[in-house]
Amino acid sequence: MQQLPDDPLVQIKEYRKTRDYLVAIDTDGCVVDNMNGKQMLIFHPLFMEFYDLWDVESYFREIAEYYNLFSAYRGANRFVTICLTLKALESRQDVKKIVEEKNLKIPDAEIVEDFIKFCEKDGSGLSNFSLRKFIKTRPMDFCIRKLLGWSEAVNETLSIVNRKFEPFENVGRCLELMSVYADIAVVSQTPYDDLFQYWHNHNMTRYLKIICGQETGSKAYQISMLKQTGGYSDDNVLVIGDSNGDFEAARMNNIRFYPVIPGKEEQAWKNFPEVFELFLHKGYTIDIEEKFLSDFRESLSDIPPWKKGGYNHTDSYRKNQQLRKSLYQRFNPDGRLLIL
């Protein structure tokens, strides 16, 4: 399952199926209970450290948590969500007031947008691998180099912390069940090396046929290529995920989706064997799928809290304060965290 760094797509190009069925499964927040931890402990504080944004910590965390954890963008690529976060910071009058008082500088979202457009034109995934290619087009743009520095620091720190997070209960049992009847592919926007290390450290790579990380493009593209090179029919492919991006990737490929609903992950894996049995016998119909999707949609907001009536920033920040505190107490008791 070794991925060649010079050609991240090589595994998909040479993929061959061994079963009639394929299950494409996400990892972060789906298999492992790490979504809150990796964002609150690593992604967000590292960005504030790199860009000296601690004076707007409560605003940055509130916005970044919304896009990465509690909105329809949950599970999206880090560069996409950081672009959304920066745009929201720049647009808020309460943030602008602090920026002026403290003489701060909010990073320019346009730089991230330029990188995203570069990848779209280049046909490559939004990854550090692609960002290094982008830097070659602007070798003296230190803002891009800082963006790469942040992303590399995230990867390095995540590889250390991630191993401490355990898979959800019943995941192992479900993987064993699936592997009897289906090829299992990891489809993710997490870097390949981090994915491999996590699955390997928890003795779960034995269930997998292939791992596709952010270097191999969007989840929709990964699934499309696996279907094509593996020769699976639409009815024989199932996507398991915890984000709207996972759902959209399934729909774009005309296949069924089973949601691991944020906040109800244990129940989702408890229910899965029954759903998988239906799937194998063509009984996981769109009507049954919709029953799960109804709860899934309710778990992800499409309106930011700061755009809702009666909004109060302090109250909004405090909503997830206990979650942040518990994560810091467990994994980084000496870390920097604002308590309101």
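The values are calculated or read from the model by the stated rules, or taken from the named source; none is laboratory data. Treat the numbers as computed from the prediction; the structure is a model and nothing was measured. Here the Cβ is made from the backbone with ideal geometry for all residues, glycine too, and neighbour counts use every protein chain on show.
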* Tally, over region 249-267, of residues that are in contact with a helix residue (DSSP H, G or I) (Cβ under 8 Å, 6 or more places away or on another chain) and either at pLDDT 95 or above or polar (S, T, N, Q) (or both) -> 11
* Asked: Restricting the search to region 72-91, which residues are of a type in the set (Gly, Ala, Ser) and buried (at least 20 other Cβ atoms within 10 Å of the Cβ)?
  -> Gly75, Ala76, Ala88
* Pairs only if they're at least six apart or on different chains, beta carbon under 7 angstrom, first in region 247-273 and in the same structural domain as Glu290 (by TED's automatic domain parsing) and surrounded by 17 or more Cβ atoms within 10 Å (Cβ to Cβ), second assigned to a helix (DSSP H, G or I) and β-branched (Val, Ile, Thr); list them, first residue then second. => Ala249/Ile223; Asn253/Ile223; Tyr258/Val275; Trp269/Val171
* Restricting attention to region 42-67, which residues are surrounded by 20 or more Cβ atoms within 10 Å (Cβ to Cβ) and not in a helix (DSSP H, G or I)? -> Leu53
* To do: Please find, among Leu337, Leu226, the residue that is of a type in the set (A, V, I, L, M) and in a helix (DSSP H, G or I).
  => Leu226
* Restricting attention to region 5-26, and to residues there that are in contact with a Leu (Cβ under 7 Å, 6 or more places away or on another chain) and among the β-branched types (Val, Ile, Thr), which single residue is surrounded by the most Cβ atoms within 10 Å (Cβ to Cβ)? -> Val23
* Asked: Does Gly29 satisfy being in contact with a Gly (Cβ under 9 Å, 6 or more places away or on another chain), touching a residue at least 40 places away in the same chain (Cβ under 8 Å) and buried (at least 22 other Cβ atoms within 10 Å of the Cβ)?
  -> yes
